[in-house]
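Data block below; observations after.
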Amino acid sequence: MAEERALAMVTCTAPVNIAVIKYWGKRDNDLILPINSSLSVTLHQDQLKTTTTAAASRDFTEDRLWLNGEEADVGHPRLQACLREVRRLARKRRGGSAEDASPLSLSYKIHIATKNNFPTAAGLASSAAGYACLVAALARLYGVEGELSEVARRGSGSACRSMLGGFVQWQRGERPDGRDSLAHQVAPETHWPELRVLVLVVSGEKKPVGSTSGMQTSVDTSPLLKHRAEAVVPERLALMMRHIRERDFEGFGQLTMKDSNQFHATCLDTFPPIFYLNDISRRIIALAHRFNAHHGRTKVAYTFDAGPNAVIFTLADTVAEFVEVVRRSFPPATNGDQFVRGLPVDSSSLPEELLTAVVTEPVPGAVQYILHTKPGPGPQLLDDPSQHLLGADGLPRRCA
Ligand code: DP6
């Protein structure tokens with residue numbers, strides 16, 4: 001048996017995902033088992049990612065956690081569930097093989113530091129990337145491989161979909177113990193090279209009702225949600241998978257918009273009602289429909305999660321024109337040069353008839369900025385030790 005290591009440190013990154021068939025409602029709150037399956041697109045980490053360093057050492061005296069540089073409560077039940085599950089898998093694996101090149105004592109305390117390169121809790125699925133990253137890093141630290149979406153799911157339901165790249169389905173599963181409630185890749189990120197994503201950041205504020213409590217109230221009170229889970233989603237999932245397989249943007253886009261709208265309808269059907277969309281969100285919805293109507297086909301599709309920011313799907317050849325339409329509709333108040341971030345966007349001059357038909361009543365400053373991105377891969381391991389968020393002493397580095 002090799003000697004136990006004194007300190008081990010691992011850094012991973014993980015992506016945000018955006019659902020096109022939404023998850024909303026649990027049948028088991030503790031295990032985080034959903035009432036319906038869902039389907040999402042994993043976004044590229046060049047633009048949106050969480051980075052997490054996990055370290056274990058015999059010198060650490062307590063478990064500790066830092067979120068974006070601030071020390072946070074490590075006792076959160078969901079974080080503890082993820083930690084317990086990874087350690088359980090590690091114990092199982094070690095039980096199976098006598099030889100382990102570098103055993104890391106499972107009794108060592110751990111330090112975790114994590115940071116996002118985007119605003120937390122702004123409706124950009126930060127908990128999904130956060131828990132996916134935590135589980136990816138812990139699994140590497142303890143040498144656990146294989147099915148990890150089940151562990152990430154215990155952190156946040158949508159996090160299980162961030163464990164894979166491209167187009168990902170989270171199957172609701174049937175078993176009461178949740179062993180079959182897992183994420184599967186429907187197609188890799190290379191499957192649809194022209195697909196682009198524009199995140200229209202409307203507000204950096206925290207959402208008024210978190211998804212966990214919001215969906216619980218919906219399960220308790222909304223008959224529409226019950227109907228959606230039982231009758232609507234199964235059919236939509238099959239259809240959505242076909243649109244993705246065939247790279248049918250019109251089919252994909254229309255269904256994405258309808259499913260977002262139905263999710264927000266279940267929020268309105270919740271009692272008391274929940275409002276995630278604001279006036280600007282609704283203006284963006286109307287703008288997308290005017291744009292599509294002008295072109296006579298679905299060229300852009302919106303979707304909204306538990307917040308007012310819009311996520312727009314489109315194809316590469318439409319990006320420049322639509323970005324210009326957004327700029328004209330919501331003229332940037334300040335930092336005009338930083339209005340478009342992420343992947344480069346060509347400049348575009350809009351034909352007069354498009355302007356007249358699509359850009360009505362501009363609202364200056366309503367969209368803070370646009371982030372241009374595309375589908376991307378699942379969690380990544382960072383090999384370069386200079387990218388660790390913790391120093392050799394196990395404390396956050398000043399630059400991190
Ligand atoms: C609207 O995964 O944040 O983004 O499982 O309680 O942590 P918990 O909820 P969470 O809910 C995400 C809801 C959604 C839709 C989706 O991502 O499918």
Selected residue (criterion: nearest to G165 (Cα to Cα)) from residues of segment 377-400 that are outside any strand (DSSP E or B) and polar (S, T, N, Q): Q387
Within segment 178-237, tally of residues that are over 30 Å from P272 (Cα atoms) and basic (K, R): 2
Test: residue in segment 91-106 that is under 17 Å from the mean Cα position of the chain (by Cα) and either modelled with pLDDT of 95 or more or not in a loop (DSSP other than H, G, I, E, B) (or both): no
Residues satisfying the stated conditions in segment 1-58, i.e. acidic (D, E) and either part of a strand (DSSP E or B) or within 12 Å of the ligand (Cβ to nearest atom) (or both): D28, D30
From L371, L354, residue being assigned to a helix (DSSP H, G or I) and either under 30 Å from P193 (Cα atoms) or not assigned by TED's automatic domain parsing to the domain that holds L141 (or both): L354
Boolean, H243 is buried (at least 18 other Cβ atoms within 10 Å of the Cβ), more than 16 Å from the ligand (Cβ to nearest atom) and part of a helix (DSSP H, G or I): yes
Complete set of residues in segment 59-71 that are assigned to a strand (DSSP E or B), at pLDDT 95 or above and more than 18 Å from A139 (Cα to Cα): W66, E71
Boolean, G155 is in contact with a Gly (Cβ under 9 Å, 6 or more places away or on another chain), closer than 30 Å to F271 by Cα and at pLDDT below 95: no
Residue within segment 363-376 that is modelled with pLDDT under 95, small (G, A, S) and within 22 Å of the chain's Cα centre (by Cα) present: no
Long-range neighbours under 7 Å by Cβ, at least six apart or interchain, first residue at pLDDT 95 or above within segment 35-48, second charged (D, E, K, R) and near the ligand (Cβ under 10 Å from one of its atoms): I35/K26; S38/K22; S40/R161
Hey, R161 surrounded by fewer than 24 Cβ atoms within 10 Å (Cβ to Cβ), at pLDDT 95 or above, over 21 Å from G69 (Cα atoms) and of a type in the set (K, R) or not: no
Any hit, segment 205-213, residues being within 19 Å of the chain's Cα centre (by Cα), part of a helix (DSSP H, G or I) and touching a residue at least 60 places away in the same chain (Cβ under 8 Å): yes
Within segment 294-326, considering residues that are closer than 18 Å to T42 by Cα and touching an Asp or Glu at 6+ places or on another chain (Cβ under 7 Å), the one surrounded by the most Cβ atoms within 10 Å (Cβ to Cβ): L315
Unique match (being of a type in the set (G, A, S), more than 23 Å from the chain's Cα centre (by Cα), buried (at least 16 other Cβ atoms within 10 Å of the Cβ) and modelled with pLDDT of 95 or more) among S281, S329, S260: S329
Hey, A301 within 25 Å of S260 (Cα to Cα), of a type outside the set (V, I, T) and not in a helix (DSSP H, G or I) or not: yes
Selected residue (only one of G178, G166, G173, G143 is more than 19 Å from the chain's Cα centre (by Cα), closer than 21 Å to A238 by Cβ and touching a residue at least 24 places away in the same chain (Cβ under 8 Å)): G173
Test: residue in segment 212-219 that is surrounded by fewer than 21 Cβ atoms within 10 Å (Cβ to Cβ), closer than 21 Å to S37 by Cβ and touching a Cys at 6+ places or on another chain (Cβ under 9 Å): yes
Residue satisfying condition, being touching a helix residue (DSSP H, G or I) at 6+ places or on another chain (Cβ under 6 Å) and exposed (fewer than 14 other Cβ atoms within 10 Å of the Cβ), within set F291, F271: F271
When residues of segment 164-181 are limited to those that are more than 13 Å from the ligand (Cβ to nearest atom) and crowded, with 24+ Cβ neighbours inside 10 Å, the one nearest to V20 (Cα to Cα): F167
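The values are calculated or read from the model by the stated rules, or taken from the named source; none is laboratory data. Source: prediction; values computed, not measured. Glycine also receives a Cβ, built like all others from the backbone with ideal geometry; neighbour counts cover every protein chain displayed.
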